[in-house]
Structure formats: C-alpha cells, structure tokens
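Student: Here you go, one structure.
The values are calculated or read from the model by the stated rules, or taken from the named source; none is laboratory data. All of these numbers come straight from a predicted model, not from anything done at the bench. Cβ sites come from the backbone with ideal geometry, for glycine too, and all protein chains shown count toward neighbours.
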Amino acid sequence: MTTLSLGPFNRVEGDLEVHLDVEDGRVAAARVNSPLFRGFEQILEGKAPTDAMVITPRICGICSVAQSMAAARALADAMGLDVPPNGELATNLILAAENVADHLSHFYLFFMPDFARDVYAGRGWHAPAAERFRALSGRATAEVIPARAAFLHLLGTLAGKWPHTLTLQPGGSSRAIETGERVRLLAIVAHFRRFLEERLFGDTLERIAALDSAAALDAWRDAASPFASDLRGFLHVADDLGLERLGRADDRFMSYGAYPCEGSPTFAQGVWIDGTRRVLDVDGIAEDLSHAWMAGPGEPLPPARGITQPDMDRADAYSWCKAPRLAGRTVEVGALARQLVDGHPLIVDLVRVSGGNVRNRVVARLLEIARTLMSMERWLRSLRAGEPYCVFGRMPADAEGAGLIEAARGSLGHWLRVHKGRISSYQIIAPTTWNFSPRDRGGTPGALEQALVGTPVDPLVDDPVSVQHIVRSFDPCMVCTVH
C-alpha cells in the first residue's frame, strides 16, 4: 500500500489537504484535513448579539451573504421576529444573487479548467475544451467575469455592497426598493438570463428546468453539436470520462430548505435516504470531536450545546474540522441535495440511476442556476411598493436561536445563546463541514472521504486528476469549514 498526500489545492477557497492510501491502483481509504483554525466562534463569545451581523460575514469573502443570513435568522429566532413579505423577497434576492454567482464561478473558473489539462490531450474534445476553459486564457473567462460582475450589480441596489453587506437584518432588509429600482433590477436579471441562455445552456431556462429524466437530458445533449453550449460540452466530456461512476458517497442527502416565501421554502426542506424524502429532524444534529483537534467530551454534542476549544494533542485527531452527523449518520449537502430533496424529476432520476457523483453534482448546480434565476424574476415582480421590508424588536437578556439556511455549497447553520445580554455561545456548521468532515467515533468517514474510496489513482502521479474532479465537484469552501 502507498500513501499519497495532496495539498494545497489550487482553485479551492482556503486550505485543504487530502491523504490517500492507494492499493492496486485505487484509493483504499482517505483522510481529509482542514489545516487552518480561525476561531470565529470564540471571537463572538462575550460580544453583543447584534455584533454577529458584523463579524460572521468576515468568515468568508465569497459566502459572506450566506453567513449574514444565517446570523440574521438566528437573531430573529431568539427575538421572536417574523419577517414581512417584502423582507422575505428582498433577502431571498440577496442570497440568491450570491448563490447563483458562486455556482457560475465554480463551473467556469474552478471546475472546468481541469479538462484543459495536458493529461487529456489525446481526447477528441480536448482542443475545444482547452480553448474555451483553460485557466485565465480560455475564451469563457473573458465572457463570464463581465457577466458575473454585471449580475452582481443587483447587490449594489438590494444590499448596498458585496461582500459584507449590512442591509440584512434579523427582521428583514433595511433597504426598501423603489418602483424605478425594481425595473432596473429586472433589466439586470434579463441581461444575465440572455448570457445563460446563449452561452451556458444554449436553450431557454424553462427548457432546462423542464428536463425530467436522464433520458431527456441525454436527448437534449445530443440535439446539438457537443460544444454548442457549455452545458452540452460538459455532458459530452462527462460521458466520455464516465464521471457518473466517479465520486459516489453513501447517497444520504440533507437540505434545510431555501428561500422562504409566505412561510414555505421555494426549495423544500428534508432528507433523502434510501430513495425517499423524509422529514428533517434538526434535533438529530450533533458534532463528533473524536478525530478533530478539539477538546470536549467523547459523546457528540448538539450544536446548541457545542464546544469549540482547540486541542492539538488530541489522540487520533487529524483535522480542525468537526464531524457533524444527523441521527449519527453522514449526509451530503449542496445543490444536488437541494434539488433532490425538492423532488426535481431530473435529479431524482439521475440519482436513482447512478447516485451522487461528479457529473450529477455539476448538473444539479447548473439546473439550480436556471431554477433560481426564474424565481428571482418572480420575486422582483412580487415586491409591493409602500409595504414594510423590515420589522424590529428587542433581544431578551437570555435567549437562544438557530438560523438554518442554504448557502451555495449546502446547509449552513448558526446556533446562538445569549446570557445577560451577551453571546455566551455561538456555534456554526458550514456546508463543507458536513461534506469534508473527518471520521466520527465509530470510524465512519465523512462524505468526501467516502467518495474518494475506489477512485483510480496512479501512485506515481503527484496530482491525480480524478481526485481533483471529485474534490471540486463538492465546491469546497475551506475557510467556512472551520471558521
């Protein structure tokens, strides 16, 4: 058996190390290390509760709205606030803009450049893929960056700035949208829609969202030339490389539910286990510290009672990342989980056929771009002039709250306790904490560690591309992982 250590990874937000045991040309076991501890949960202790709205966005520059939103929800829960309809719509728009921009960046700037690598030079699709997606010099980069920047102008009006906006509040948004501004926002979304339909999809958003099976996706792919659109290009590459056979974990998925409208999420809440959607029991979430450099009890703790105390000498530890579990079991989070739990027929059929894998994670992410942008158009048209965007209240001297949202990379939770007017505990479980967790006390690997087992690897190659594909298919944000 050979041990292969990979890291740091380029085109990944933050620090990541992966250690592989390779036997007979395949990964026999994997250990994923988040090697950077940042201490945000400790920083928040003793602060005024509303300071969380200023501090938590600094966890990450590309997920800052998501962190703000989770903090606002935790504070609202502790204060007993109900967000008015305009506030729901405005905050949905702010979070959706960040999530869609993140999905776009992941596909074009983080994931697809791997197919321009020389290792694929013998493939028939390599030349057009390299010409379009090569890092920095590919034609797609010159198109995507201006399109993304123009789209994010939404946040200038909706949120004042990005990242680290302060318009998000526990009771909604402090920024009301005037009628003329709504027209300009719709024009920005329409311009971005044209980019997506011309470059990414080569078809209307409605046609993409209406694809309802693996067979329908294959038929759509084959209805035009391989690189008539970037989604078609990816699907042809994925089919040639067998990416549907790469990176499968244990096919348990979770979503907290995304974008509430009048009390119901646009994308449903739940878990997907054994081929069926079930009700999510949030009280079943607990964090295991057995393989993390953290002091604490041997028994897993619910995050509302969690402890974040570094301990570099903990036996058997190999990561700063804790091991969150749902009812003692691993789950995968992200766009694939969201669309599966929501019951989208294309994703349900893809997972039924081949489970969670590299291809299906990317397809779900792109499908979600189409579905989310159509929802954004609807939310903008639903804003009502003259009606409130925010409500206000007082934080009790002693209170608890939880803020559960869906960031681009999956389920994000903030758990807050206030005692005598100050934060006595603040615990965060980020999406990549779920997906990139170490083993738990029973020895069960996290989702990525499971997904890497069985991957074909040449132990003489320092940077196996198959591992890169699997890691990037989860779109990790390591700075959020340990915060």
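Student: Considering only segment 251-301, how many residues are outside any strand (DSSP E or B), modelled with pLDDT of 95 or more and not aliphatic (A, V, I, L, M)?
Tutor: The number of residues fulfilling the criteria is 12.
Student: Here's something else I'd like to know. Answer with yes or no whether Arg38 is of a type in the set (Lys, Arg) and either loosely packed, with under 14 Cβ neighbours inside 10 Å or not in a strand (DSSP E or B) (or both).
Tutor: Yes: the conditions hold for Arg38.
Student: Moving on to the next point. With the requirement that a residue be surrounded by 19 or more Cβ atoms within 10 Å (Cβ to Cβ), in contact with a helix residue (DSSP H, G or I) (Cβ under 7 Å, 6 or more places away or on another chain) and at pLDDT 95 or above, what does segment 217-235 give you?
Tutor: Leu217, Arg221, Ser229, Asp230, Leu231, Arg232, Gly233, Phe234, Leu235
Student: Still on this structure: Test Ser105 against the stated conditions and say whether it is in a loop (DSSP other than H, G, I, E, B) and surrounded by fewer than 23 Cβ atoms within 10 Å (Cβ to Cβ).
Tutor: Answer is no for this residue.
Student: Could you go through segment 19-28 and let me know if any residue there is assigned to a loop (DSSP other than H, G, I, E, B) and touching a residue at least 40 places away in the same chain (Cβ under 8 Å).
Tutor: yes
Student: In addition: Within the group Ala238, Ala228, which residue is of a type in the set (Gly, Ala, Ser), within 30 Å of Asp349 (Cβ to Cβ) and in contact with a Lys or Arg (Cβ under 8 Å, 6 or more places away or on another chain)?
Tutor: Criteria check complete, one pass: Ala238.
Student: For segment 196-231, name all the residues that are farther than 28 Å from Ala142 by Cα and either in contact with a Gly (Cβ under 9 Å, 6 or more places away or on another chain) or not in a helix (DSSP H, G or I) (or both).
Tutor: Leu211, Asp212, Ser213
Student: At pLDDT below 95, in a loop (DSSP other than H, G, I, E, B), farther than 26 Å from Leu380 by Cα and not hydrophobic (A, V, I, L, M, F, W, C): is that true of Gly61 in this structure?
Tutor: no
Residues are listed down the side, and each one gets a yes or a no for (1) touching a Gly at 6+ places or on another chain (Cβ under 7 Å); (2) polar (S, T, N, Q):
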{"residue": "Ala402", "(1), (2)": "yes, no"}
{"residue": "Arg417", "(1), (2)": "no, no"}
{"residue": "Ser424", "(1), (2)": "no, yes"}
{"residue": "Pro431", "(1), (2)": "yes, no"}
{"residue": "Ala447", "(1), (2)": "no, no"}
{"residue": "Ala451", "(1), (2)": "yes, no"}
{"residue": "Ser466", "(1), (2)": "no, yes"}
{"residue": "Ser473", "(1), (2)": "yes, yes"}
{"residue": "Met478", "(1), (2)": "yes, no"}
